[in-house]
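Heads up: the structure comes next, in structure tokens.
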Amino acid sequence: MANRLTTNVPNLNRSLQSPNFISQGLVGVSQRDSDYHFTGCEFTANVPVSGFYYPYLNGYQTLNERDFTTTTSNGMTASSQFNILKVDFENGDNEVELKVLYSFEDDINKSAIRYTTRIAPNEVFYRNYPVENKYFALEIQNKSDGVIASGKGRTTLSRYTQYNTPAQSNDVINHNRLVNLERDTNDFLQDVILGRFTDIRKDSRIGIMDEVLTLNQTLWNNNSAFNFTSNSMRDCDIVSTSGLDTGTVKVSGLGIADTIVSEVVTLAGLTPVNLLLNYKAITDIRANNTNQGIVKISDALTGEVMNVMDANAGRSTALVYSPNVSDTSGKAIVLDININGVAGLINEPKLNIYKVDKNKNIQTLLHKDLTYDNVLNKNLTLNALVNGGDIVYGEVTSNALSGSLGHTSYSATINVVEYDN
């Protein structure tokens, strides 16, 4: 008896083979191809300033996210018989954000955003997204201020499960990218500090108070307390206590639209120099050269001190922080606070850490330290969420000024991680 297990399968005549795969109305779908191109799959994007572009909704543009009230059709692209969306995008000179929307019904109004990916300027982007539900759409958002974003792209569909090459540990990536990162030698904070994420940053603020100069003072070496609940813009000037300070410093603060704005100013020693921008609060000072004297920024009209940089510090020594994010949709997490110093007996000091929301109408106590007549060496976990435009600051209240029997000094540092979105 012949062994049928070794018999070759006969070739089918091409006329007996089905030339098309069930395509749900997609044009030109061939069973012999791995990628499926549908009509209009290639597009050119010109995204308006602060706007959104939907390439598969007849190139619809809007300034309002997911506003489809003026579109002629709310239809999406069918994809349920495929496994992968393969998105190519050659970006222009400005950063954009690509979102993938899915829906069980052929109506973009009923869709949900499932994947969000930032695309850097001039990046040749490629990403495979898994198919979910029955229909999909793309949204491209302009993330650059004051300019039109452009680019060209294409989406194809595949029946084959395909994965992108995993990212290496030294790749610069966005944390929303669909990659798996596994390593034994690094941790998340180390990767952030090393700059391996493009949209996450590590930052810190330090407040130094050598003695109690007034019964209520911001955590700095100055006998005053700034009003961080004020929502008014201020003209500011900067001055040093040393005539030798003539170098440049970078000033950052909360400005218009509750975003962090910065400028570089040249010191003129003992002569005050007006800042070009207006600020609600000064959140950081950084010197390019070591400053010889104490540098102060004040309200030019009232003289109210807004930030302090101790002599030879090279940075702000006031515990004042606001997230340095691209817009108010960004967020930060205050991870912890480290407190060192001596709390006097007579002073009975209270160290308070507050968060003020961007509207300046809600003030939240994050931490209150009631230690006195003792040495401090504390590291406390806060894990407090801070939104763009919010302010975190330290303040000390006491019963008496520092003296031989009641000396009080503090050095407090907060560590934060900032997310662009």
Practice prompt. For residues that are polar (S, T, N, Q) and modelled with pLDDT of 95 or more, scanning just the range 334-362, find the one that is farthest from S232 (Cα to Cα).
Written response: N340
Discussion item. Could you check the range 229-283 and list, in sequence order, the residues that are small (G, A, S) and surrounded by 14 or more Cβ atoms within 10 Å (Cβ to Cβ)?
Written reply: S230, S240, S242, G247, S252, G253, G255, S262, A268, G269, A281
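What are the residues in the range 284-320 that are of a type in the set (A, V, I, L, M), closer than 24 Å to D203 by Cα and surrounded by fewer than 18 Cβ atoms within 10 Å (Cβ to Cβ), if any?
Step one: list which residues in the range 284-320 are of a type in the set (A, V, I, L, M), which gives 285, 287, 294-295, 297, 300-301, 305-306, 308-309, 311, 313, 318-320.
Restricting the remaining residues to those that are closer than 24 Å to D203 by Cα gives 285, 287, 294-295, 297, 305-306, 308-309, 311, 313, 318-320.
A311, the sole residue that qualifies.
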Discussion item. Residues to consider are I339, I391, I362, I346; find the one that is aliphatic (A, V, I, L, M), in contact with a Ser or Thr (Cβ under 7 Å, 6 or more places away or on another chain) and on the phi < 0 side of the Ramachandran plot.
Written reply: I391
Practice prompt. Kindly provide the set of residues from the range 144-157 that are crowded, with 18+ Cβ neighbours inside 10 Å and basic (K, R), ordered by number.
Written response: none
Practice prompt. Test S111 against the criterion of being modelled with pLDDT of 90 or more, under 20 Å from G40 (Cβ atoms), small (G, A, S) and in contact with a helix residue (DSSP H, G or I) (Cβ under 7 Å, 6 or more places away or on another chain), and give yes or no.
Written response: no
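The values are calculated or read from the model by the stated rules, or taken from the named source; none is laboratory data. The structure presented is a predicted model; accordingly, all values stated were derived computationally and were not measured. Cβ sites come from the backbone with ideal geometry, for glycine too, and all protein chains shown count toward neighbours.
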